[in-house]
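Each remark here refers to the structure printed beneath this line.
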Amino acid sequence: MTEQVFTTRSIAEVLNKSKRSIEIRSQKESWNYIELKGNGSNGKTRHYALSSLPSDIQKAIVHKNGVSQAMLPALSPEAALTVIDQMQMVPVPGFTDVCSPVPGRVERRKAKSQDLPSLYNKGRENTWTPERAISLDTLHDPRVKEILGILRETEAIPKDWTLGKRKWIEHVAAKNKIGWQTIYRWQAKYEKCGIAGVEHRKSTRDNPKAWSPEALDWWISLCLKPSHRKIDLKALYEDVLIIEAQRRTWRIGCKESAVWWFNKRATPTMLALQKGGMRALDNILPPILRDYSDLAPFEMLVGDQHRFDFWVVDDDTGQVFRPECFMWQDLRTRLIYGMAFDHHYDAHLCGLALRIGMRVWGCFNSIYTDNGKPELSKYMMGIMSEIRALGMEWQLTVDAPLDLVDIDAEEVNPIIAPGTHKKAIVKNAKAKMIEGTFCIFEDILRSRFRVSGSVKRLDDDINHQDIDHEEAMSLAAQGRLLLASEFYMICYRAIDFYNREKTHRGVRKEWVWKPLPTEVTPMECLKNCYQDGWRPKNISDEAADMIFLKKASRIVQRGRISIDSEIYENDLLLDLHGERVDIRYNPIEADLVMVFHRGRYLCAASPVEYSSMKNDDLARRKIMEKRAKRKHIADNFRSLTRHIPDFREYSQIPETEKVAALVGEEKRRQEQARITHEKPMSPEQYEAEVAKLEAMNTLPQKTSKPLPPRPTIFMTDCDRHLWCVKYESLGGQLATEDRDWVQAYEAQMSEAERERWQFEREYGAM
């Protein structure tokens, strides 16, 4: 089916104008036409394609003659809107007479069919195709009408618009809240398919025509294989899929199609399982929501370490660093149970946070932590065993299976036994509420307490990160950053604010009392539990200190033990030289060390007081203390051994015989010496002995050196005296003025100094 054409006469009749006016307008607006044999002045008649006519002429033709199915694809947006408004699908009266050549002339019909392609702009197709076909539903579609209205608006550029067509299209796009690229895409579709191009049709992408079904399924499986996760998709297509398709005679699409189909069919869950295994899959699945209302306060604590997003200054060294902490939080009330701070978190920091919580809130029952080395250290295990010895129900330790792929991480040991140390799956942050508590706590520090020195965060854009880092470094250079001790005190104030004033949605959701308040704090939950009969359990501070002090063992050396390059001593350790003892101490404030020997408390060792090279009183006191300690030990030793006789065996030979034996031994020694001395020497030995003696008696000879010239000016008296001495030592004779000056200068010296300079005169030039 070809596009409809109109002569100059037929257009003039539709517009009710003269034929000449139509010809003038066509020349002025550059209508595309073709000349065929006809009744014109030169024997030819101009024929215009419907798509080349202006919108007003198309509307007039549609309004007067109606529209046929063949005319719809060629209409402009404005004319198409007229068709949609009219909703007319009736045959056009006299249409064949208008669009057909003169009847009976075959040559004209052939010429028309051959020349019609030239009627279209930019090489457009000249035939009606199925892709340009529309239905009655298309005309009733309000979306189609809206798109055509936008396209008509883009063509109706005002005469006073001077910014160009591109800016006008962008203006129309912004007015209609769409992208300007969308308008260009609609225009391209309308140019190609007419009204059918802007019609929304059901997608056929789920039914690939270029692929064999088994080939596409095999391709998706090939890409999802975990061992192929790091191989480029295009490489898999070229090196594997093509060869396999040839072997199995599959139909496959192009490389881009293969990548597109994989991205479409590979779901996020499949990709997570491929790239990260079961743990990654678990992280994108909805978490299990827990209810903690059946727990008692402090029955289960959850703990984790955190590095703060703030720069602070070390009180001792002045180093700028980001402090770390370990926090314990109660699952029932959401109270922050305890928190401790340091440069880096370790096992002792975990225990110290527990110790702080026990001193404030009482004893806990069970804990829930990650599988970090500090949490699983011997120190923490020792704390557990000693808490169990004090009567707390610490009965079971459960290790979560980390390597099993068929077990849900959140269903491991779902029933928490009293005293259980439950360990979380690595990188399973969603199972611990404390991860969210850290975010809230950081926001409290920034917003409530306005702590400075904020560090860059991963969720900030690069510009904000750079600004925060520059600000922190500038504050550090100005000395305006908080000291670590100041930051820690603010954190404890923030803990109190979180417990007493910060409302918690989880606590309100698990509120079991009536009435249900609009806002609930963790402290209010604890108060209601107390009113229901719950009571905290407490142990003495001495017992708690014994539990949480760091433990170690050392070998006593000369009454002293060494801990972290510090030396501790006690007099009771003198009797344990070389033996191993158990110690307990506080690594942060190690001013006293408790010493245990064979399971029993022995003493408290204190740091050694070092003697000073300049403080004679201190040195004298330390010497007197050591002398007194030595005398005390010696006196005790003598008192123990004085009444004990000497039971050793001695010689029973008479004294005269002993003297005679000694005299005989001396005579034999002298005789041997005489024989050795009287032994004659050879000439070579004699000369060697003489040379040896001469070498021993040879004295160094003075070497002749040039005399130093006398400087015109001496900067100091010392310089002048030094030159005079050096001059004399080299054999020079000083002038009378210099000699008298030297005598007067040395007269002010002590006797020792004068002897020293005299020695310099005699031997200084050697």
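What the table shows:
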{"quantity": "Extreme residue, positive dipole direction of the stretch 717-763, given options Val742, Gly731, Gln758 (C-beta unit charges)", "calculated": "Gly731"}
{"quantity": "In nm, spacing of pseudo-spin labels at Ile24 and Leu592 (7 Å Cα→C-beta vector)", "calculated": "11.7"}
{"quantity": "Positive minus negative residues near Tyr345 (Lys, Arg vs Asp, Glu; Cβ under 14 Å)", "calculated": "-3"}
{"quantity": "Dipole moment magnitude, nearest 20 debye, the stretch 549-633 about Cα centre, only Lys, Arg, Asp, Glu C-beta charged", "calculated": "360"}
{"quantity": "Spin-label proximity, Ala266 to the stretch 208-226 - amide N less than 13 Å from point 7 Å beyond Cα toward beta carbon", "calculated": "219-226"}
{"quantity": "Simple label model, 7 Å out from Cα along Cβ direction - Leu289 to Arg620, nm", "calculated": "8.1"}
{"quantity": "Pairs beyond 20 Å (Cα-Cα), from Lys59/Lys165; Lys230/Lys275; Lys17/Lys64; Lys28/Lys159; Lys667/Lys692; Lys145/Lys175", "calculated": "Lys59/Lys165; Lys667/Lys692"}
{"quantity": "Burial order of peptide ranges 708-718, 337-347 (average beta-carbon count within 10 Å, highest first)", "calculated": "337-347, 708-718"}
{"quantity": "Prolate/oblate/rounded call for the stretch 469-579, Cα gyration tensor, a/c under 1.5 rounded", "calculated": "oblate"}
{"quantity": "FRET efficiency, 1/(1 + (r/R0)^6) with R0 22 Å, evaluated for Ser212 and Glu256 via beta carbons", "calculated": "0.80"}
{"quantity": "Chain lengthening between Ile231 and Glu760 when straightened (0.36 nm per residue, less Cα-Cα)", "calculated": "181.8 nm"}
{"quantity": "Set of the stretch 221-238 residues, backbone N closer than 12 Å to the point 7 Å along the Cα-Cβ line of Gln246", "calculated": "238"}
{"quantity": "Two-site FRET efficiency, Ala695 against His343, from Cβ-Cβ distance with R₀ of 56 Å, rounded to 0.05", "calculated": "0.25"}
{"quantity": "Prolate/oblate/rounded call for the stretch 549-633, Cα gyration tensor, a/c under 1.5 rounded", "calculated": "oblate"}
{"quantity": "Mean Cβ count within 10 Å, highest first, over the residues of peptides 736-746, 549-559", "calculated": "549-559, 736-746"}
{"quantity": "Cβ-derived FRET efficiency at R0 25 Å, Asp160 paired with Glu13, nearest 0.05", "calculated": "0.10"}
{"quantity": "Given charges at Cβ of Lys, Arg, Asp, Glu: the stretch 483-562 dipole, positive-most of Asn528, Phe497, Ala543", "calculated": "Ala543"}
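No value in this document is a laboratory result; all are computed from the given coordinates. As the structure is a prediction and not an experimental result, all values here were calculated from the model. Methodologically, a virtual Cβ is constructed for each residue, glycine included, from the backbone with ideal geometry; neighbour enumeration extends over all protein chains shown.
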